[in-house]
1. Just need a number here: residues in region 205-244 that are assigned to a loop (DSSP other than H, G, I, E, B) and either among the polar types (S, T, N, Q) or touching a helix residue (DSSP H, G or I) at 6+ places or on another chain (Cβ under 7 Å) (or both).
2. If we keep just the residues of region 21-40 that are out of contact with any strand residue (DSSP E or B) (no Cβ under 7 Å at 6 or more places or on another chain) and under 26 Å from GLU11 (Cβ atoms), which is surrounded by the most Cβ atoms within 10 Å (Cβ to Cβ)?
3. Please enumerate the residues belonging to region 1-43 that are of a type in the set (D, E, K, R) and either assigned to a strand (DSSP E or B) or in contact with a Pro (Cβ under 7 Å, 6 or more places away or on another chain) (or both).
4. It is to be established whether one or more residues within region 231-247 are farther than 26 Å from LEU114 by Cβ and either at pLDDT 95 or above or outside the structural domain of LEU30 (by TED's automatic domain parsing) (or both).
5. How many of the residues in region 168-196 are assigned to a loop (DSSP other than H, G, I, E, B), touching a Pro at 6+ places or on another chain (Cβ under 8 Å) and either buried (at least 21 other Cβ atoms within 10 Å of the Cβ) or of a type in the set (Asp, Glu) (or both)?
6. Confirm whether HIS60 is under 23 Å from ILE157 (Cβ atoms) and crowded, with 24+ Cβ neighbours inside 10 Å.
7. Among the residues that make up region 91-111, is at least one of them part of a loop (DSSP other than H, G, I, E, B), of a type in the set (Val, Ile, Thr) and in contact (Cβ under 8 Å) with a residue 24 or more places away in the chain?
Amino acid sequence: MSFTTIITVSELAKHIGDPDWVIVDCRFKLASPDHGKIDYKAAHIPGAVYAHLEDDLSGHIIKGVTGRHPLPSVDKISRVFSRFGIDSSVQVVAYDDMGGALAAVRVWWFLHWLGYGSVAVLDGGWQEWVKKSFPVRNGNEKRAERSFIPHPRNDLIVTAEEVDAMRQDSVYRVLDARSADRFRGENETIDPVAGHIPGAISAPYAGNLNPDGTFRSKKILAARYAKILAGVPIDRVVCYCGSGITAVHDILAMRLAGLGEARLYAGSYSEWITDPKRPVEN
């Protein structure tokens, strides 16, 4: 059986030590970029390799052009996945300690973008694994390299120019996955310009989660997005956030709800505001 959205800790525990299962620890803190790697070395799910959000899962920042976490080149991310031992025969499971909202969903989306389906986010993440008293291991781990062959689906990516047209057209929905206060231009501590893309709808990723950090049921998620999308088909939905990471949480939640796959504005708000000609609203 292939897991393509989320997976429970109990199911993952059955496959610890399986050479055809790749576990990727994606813990990361924006305010302390090396914190996740330190946490991984102290304790992680046995067999897991560590993916650093900025070193492994992001491209080169071009000041005044890109957002804070631009997409890496296909060649770069393919080399990373090869180093992790990912090829077409493995099941990948990614986890973090933020309800999947940071690099875990980025790994999930990258693999879908590159034509690979057998990847899931660990439901409840690191906290759920520890809470259920499953084994942990310390130190650093490596896997034998395999050959990752990408098949990019660039139809899943939307540019700033396309977003500019979509936000002004009622047949599209542009969703902002950041918190509601940041959407309103309040408590902005990360990006230099507060606010949101005009015409966007606030859809905070936190609304996809239960209080314990696990995903809400398919029924609840379907109802949530039915209200947000108001009949707009999934192929006309685009998600963004601050730098293209938590937006994927909304994309995953809609997939989990059985709605299909929305598209991603990968540069997101931090790219949008690099051009002063682009409007901002708060």
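1. Pass one, region 205-244, residues assigned to a loop (DSSP other than H, G, I, E, B): 210-214, 216-217, 230-233, 241-244.
Pick out the ones that are also either among the polar types (S, T, N, Q) or touching a helix residue (DSSP H, G or I) at 6+ places or on another chain (Cβ under 7 Å) (or both) and you get 210, 213-214, 216-217, 241-244.
Counting residues in region 205-244 that are assigned to a loop (DSSP other than H, G, I, E, B) and either among the polar types (S, T, N, Q) or touching a helix residue (DSSP H, G or I) at 6+ places or on another chain (Cβ under 7 Å) (or both) gives 9.
2. So in region 21-40, the residues out of contact with any strand residue (DSSP E or B) (no Cβ under 7 Å at 6 or more places or on another chain) come out as 27-34, 38-39.
If we keep only those that are under 26 Å from GLU11 (Cβ atoms) too, we end up with 27-28, 39.
Working: ARG27: 24, PHE28: 27, ASP39: 17.
Filtering first and then ranking leaves PHE28.
3. Going residue by residue through region 1-43, those that are of a type in the set (D, E, K, R) are 11, 14, 18, 20, 25, 27, 29, 34, 37, 39, 41.
Result: ASP25, LYS29.
4. Yes; the residues of region 231-247 include at least one that is farther than 26 Å from LEU114 by Cβ and either at pLDDT 95 or above or outside the structural domain of LEU30 (by TED's automatic domain parsing) (or both).
5. Here the count works out to 2.
6. Values: under 23 Å from ILE157 (Cβ atoms): yes; crowded, with 24+ Cβ neighbours inside 10 Å: no.
Here the answer is no, as HIS60 does not meet what is asked.
7. Here is the first cut: in region 91-111, the residues part of a loop (DSSP other than H, G, I, E, B) are 96-102.
Of the ones still in play, those that are also of a type in the set (Val, Ile, Thr) are none.
No, that holds for no residue.
Quick grid of which residues meet (1) within 20 Å of ILE7 (Cβ to Cβ); (2) of a type in the set (S, T, N, Q):
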site	(1), (2)
SER73	no, yes
LYS76	no, no
ASP87	yes, no
TRP109	yes, no
SER118	yes, yes
PHE134	yes, no
LYS142	no, no
GLU145	no, no
GLU161	no, no
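The values are calculated or read from the model by the stated rules, or taken from the named source; none is laboratory data. Since this is a predicted model, take the numbers as computed values, not measurements. Neighbour counts run over all protein chains shown; Cβ positions are idealised from the backbone, glycine included.
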